[in-house]
Amino acid sequence: MRTVPLRPAITLTTVLCLLTGVAYPGLVTVVAQLLFPFQANGSLLSVNGEVRGSALIGQRFTEDWYFHSRPASAGGYDGMTSGGSNKGPSDRALADTVASAVAAVVRVEGGTAGAVPSDMVTRSASGLDPHISPANAALQVARVSRARGISRDDLRQLVARHTELRQLGVFGEPRVHVLRLNLALDSAAARRVR
Amino acid sequence: MTTNGWVQFGLLGMTVALLTRPTGAWLVGVYSGSFGALGFAERAIYRVMRIDPNQDQPWTRYAEAMLTFSVVSMLMTYLVLRLQGMLPLNPQHLGAVAPSQAFETAASFTTNTNWQSYAGESTMSYFSQLTQFTFHNVASAATGMAVAAALVRGVSRKGSAGIGNFWVDLVRGTLYVLLPLSLVLALVFVQQGTIQTLQTPVVATTLEGVTQTLAMGPVASQEAIKLVGTNGGGFFNANSAHPFENPTPLTNFLQIVAILLIPAGFTRMYGRLVSSPRHGWVLWSVMGLLLTAGGAASYYAEAHGNPVHAARGVDVVGTATNPGGNMEGKEVRFGIPSSTLYATVTTAASSGAVNSMHDSFTPLGGLVTMLNIQLGEVIFGGVGAGLYSMVMMVILTVFIAGLMVGRTPEYLGKKIRAREVQVASLYALIFPAAILVPTAASAVLPQGLAGLANAGPHGLSEILYAFTSTAGNNGSAFAGLSGGSTWYNTLFGLVMLTGRFAMMVPVLALAGFLGEQGRVPDSSGTFPVTTVLFGVLLISVIAILGALTFFPALALGPVAEHYLVNAGRLF
């Protein structure tokens, strides 16, 4: 009587498990750590030896003297969770959240209802979006300028310096890196005190 | 909609078109046996397995080997997940995965679906992610490619009892295609910022003095094969929206290309091995047309945004500085065009990786993603799976064309007789049944309704999407649905296994039936399969079959929601 091919199935599972589950990721890890250690370990940004975050992961900013990230998802910019709101287009709670976010932009930033950039009042897909749109940053300049006593023109220049253009001129969208911008603000302020 | 957005669409089309020919040539070399650079490794593996690589298997033995391998590897994963707490490489000390969750996850990865009803960063240890998920990402992809290769042999061979050797196809697909491609892609991803480390999560102090813990892990190696093998299972909950998985717009573009590369190459390989390259390009063009139509519709819908949100003060008109449109559940670095392009490709090609949250798409944008899967994963489709699903549609088309002219249909020199049509019909029936029956049950039973995150028609869309995605072995989700309950985990597991193996076995049977036949010469009654007319007919069959089956369900879900949202109605 013939039996099912258990032996080849089990040995091949074992062999492929070692090859694809151990050797392949192991090789990628070793080469990645050798060639690109900064990226492989999370593109960490340190100030005076202390890790202040990752260049890729957004942070939550609430103070007036910082540019703010996009509205936080349930995870609240905690790096151990990720995901969006998953609220659908006909969801009343989502519409209410958007409406109150628009109202807050009008009140805090002096924006105009109907002209609020779409990324400013919506939650991202990862909940960790490190970027905001240039229009979003431009709207925040007045508030940060008041809180820091830096002229709006100086701030606009700083924002422009931390605006990333389309990659290779084509891919993605223009965007402002919030954490790098705020780090630059802090170090500019520190220079002034000195 | 911006010019730049359309340029990105065009660049993708050109890139895939240029890569189809070389990828096809490469696949021909792999599955016809002429590549042999890693012969020493191959022979060593066959020796350990104690198999004869030259043995040609009839379709029944081929199917038996495929099923045995899948069952064994699925059982292994179930056991590893249940024992996770006792296994190494677990710096977060994550415990055992619950039984129904472990079953669902094992089924999910074995079937190339990668539906994930858990959050990776807080559920699965590095050990589970590496040895189980990365392994299945390779093995399930190689299995799909093997079945497609077997079907190609069935069509191209004359009077042959065998359709190849499953073990050899599996090993060669892994060694010559999946691993080398993944290795290169993983390193490119790391260069761009994808992480690859075994260290514990990093603790940072934010500028406002709050503690932020950053999840770490061997991400890049899994990311590469997740795309190359059209698997789609993310290391993190947010999948390819997570900046550690998909850090830049360039990685995003490469991810989309990687999803389409092998499925596109298979059409070329098919054309060459059945000695009708033009037929391969006809299939490619049909797939390309359907993809373009879906992509354009999705881009249009998302760029116009949500009227409900526009009425509340959001500027949905995109400019050079404002992304506009519907940005809920989308990343700024990708914006609307790169998000809709990704969503269209990932659902068309059975990947299921996402860089934006489909649950938050506008009703029509969401409709496109769902319909892409419901058309049968034939728009490039999964690696291997896309080709064999498309060939099933071709058989039906040839049959219908034969009925029209009243002759026995022929396809590439093979007679399409009753049993070939029976197999293709079976294939076309199992898929919608696997979607619609459990959707209907979940829409009325309390266990099904308990998981909904949205009320109204969107709630139905969430359930419909879930079973569409699991039956189509896609794996993307309207992720608001809490799929982690015993009800959903069990149903999803069963639906995924049905959507995979109840469809692969008919494919192998068809391969066997066709391979046994001799070759009938073309005659004046042969319907040519290399013409524009045939392409139009094929698109019609695909569209009519999909529309007739799913239109009632779609009308109650996304279509109803579209009209309600435009009337300002909320739930």
Quiz item: Mind checking the angle between helix A:6-18 and chain A's longest principal axis? C-alpha axes, 0 to 90 degrees, to the nearest 10.
Solution: 40
Exercise. Just tell me which lysines come within less than 23 Å, Cα to Cα, of B:Lys414; anything on the same chain fewer than 8 places away is out.
Key: B:Lys158
Quiz item: What does the charge dipole of chain B about its Cα centre add up to, to the nearest 20 debye, if the Cβ of each Lys and Arg holds +1 and the Cβ of each Asp and Glu holds -1?
Solution: 1520
Practice problem: Calculate the dipole size of the protein assembly as shown relative to its Cα centre from +1 charges on Lys and Arg beta carbons and -1 charges on Asp and Glu beta carbons; express the result in debye to the nearest 20. | Solution: 1160
Quiz item: Expressed as a whole number of Å, what is the distance separating the alpha-carbon centroids of segment B:391-445 and segment A:135-192?
Solution: 58
Practice problem: Could you please state, rounded to a whole Å, how far the C-alpha centre of segment B:289-306 is from the C-alpha centre of segment A:19-97? | Solution: 28
Quiz item: For A:Ser54, which sequence-distant residues (separation of 5 or more, or a different chain) have an amide H within less than 5 Å of its own amide H, given hydrogens modelled in the peptide plane?
Solution: A:Leu45
Self-check item: Rounded to whole Hz, the Karplus (6.51, -1.76, 1.60) HN-Hα couplings of segment B:206-220, x for glycine and proline
Solution: 6, 4, 8, x, 8, 7, 10, 8, 9, 5, 10, x, x, 7, 4
Quiz item: Chains B and A: buried accessible surface, both sides, probe 1.4 Å, rounded to 100 Å²?
Solution: 8800
Practice problem: Per DSSP H run of at least 4 residues, take -39500 (n - 2.57); add these up for chain B, divide by its residues and hand me the 222 nm value, nearest 500 deg cm²/dmol. | Solution: -20000 deg cm²/dmol
Quiz item: Any idea of the accessible area per residue across segment B:87-191, 1.4 Å probe, to the nearest Å²?
Solution: 21
Quiz prompt | Unit charges at the beta carbon, dipole of chain B: most positive-side option, B:Leu510, B:Thr211, B:Val16 | solution = B:Leu510
Exercise. Positive end of the charge dipole of the protein assembly as shown (Lys, Arg +1 and Asp, Glu -1 on Cβ, about the Cα centre): tell me which of B:Pro277, B:Met74, B:Ser160 has its Cα farthest that way.
Key: B:Ser160
Exercise. Could you name the lysines whose alpha carbon sits less than 23 Å from that of B:Lys226, not counting residues in the same chain fewer than 8 places away?
Key: B:Lys330
Self-check item: Accessible area per residue, Å², segment B:303-349 with all protein chains present, probe 1.4 Å
Solution: 20
Exercise. With a 1.4 Å probe and every protein chain kept in, tell me what percent of the accessible surface of segment A:1-41 is carbon plus sulfur.
Key: 80
Quiz item: Tell me, how many Å apart are the Cα centres for segment B:313-340 and for segment B:251-274?
Solution: 29
Practice problem: Run the accessible area of segment A:43-188 with a 1.4 Å probe and give the carbon-and-sulfur part as a rounded percent. | Solution: 51
Practice problem: Could you tell me what percent of the accessible area of chain B is made up of carbon and sulfur, with a 1.4 Å probe and every protein chain present? | Solution: 68
Practice problem: Express the relative contact order of segment A:43-188 as a whole percentage, based on alpha carbon pairs under 8 Å and six or more residues apart in sequence. | Solution: 26
Exercise. Determine the per residue accessible area of segment B:405-543 with all protein chains present and a 1.4 angstrom probe, expressed in square angstrom.
Key: 35
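Can you tell me which of B:250-261, B:229-240 comes out highest on packing, and rank the rest after it, using the mean Cβ neighbours within 10 Å?
Values: B:250-261: 24.8, B:229-240: 29.8.
Ranking, from highest mean packing down: B:229-240, B:250-261.
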Quiz item: Which one of B:Leu570, B:Ser34, B:Gln374 has its Cα pushed farthest toward the positive end of the charge dipole of chain B, where Lys and Arg give +1 and Asp and Glu give -1 at the Cβ?
Solution: B:Ser34
Quiz item: With +1 on each Lys and Arg Cβ and -1 on each Asp and Glu Cβ, how big is the dipole of segment B:1-137 about its Cα centre, in debye rounded to the nearest 20?
Solution: 180
Quiz item: To the nearest 10 degrees, how steeply does helix A:152-161 sit against the main Cα axis of chain A, on a 0 to 90 scale?
Solution: 20
Exercise. Quickly rank B:148-161, A:161-174, B:326-339 as a protection proxy: mean count of other C-beta atoms within 10 Å, highest first.
Key: B:326-339, B:148-161, A:161-174
Self-check item: Rh (Kirkwood; distinct C-alpha pairs) - chain B, Å
Solution: 23.9
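The values are calculated or read from the model by the stated rules, or taken from the named source; none is laboratory data. Note that the structure is predicted; figures quoted are calculated from it, not measured. Because the Cβ atoms are built from the backbone with ideal geometry, glycine has one as well, and the counts that use them run over all protein chains shown. Surface accessibility is based on the protein's heavy atoms, side chains included, excluding ligands, DNA and RNA. Shrake-Rupley method; radii C 1.70, N 1.55, O 1.52, S 1.80 Å.
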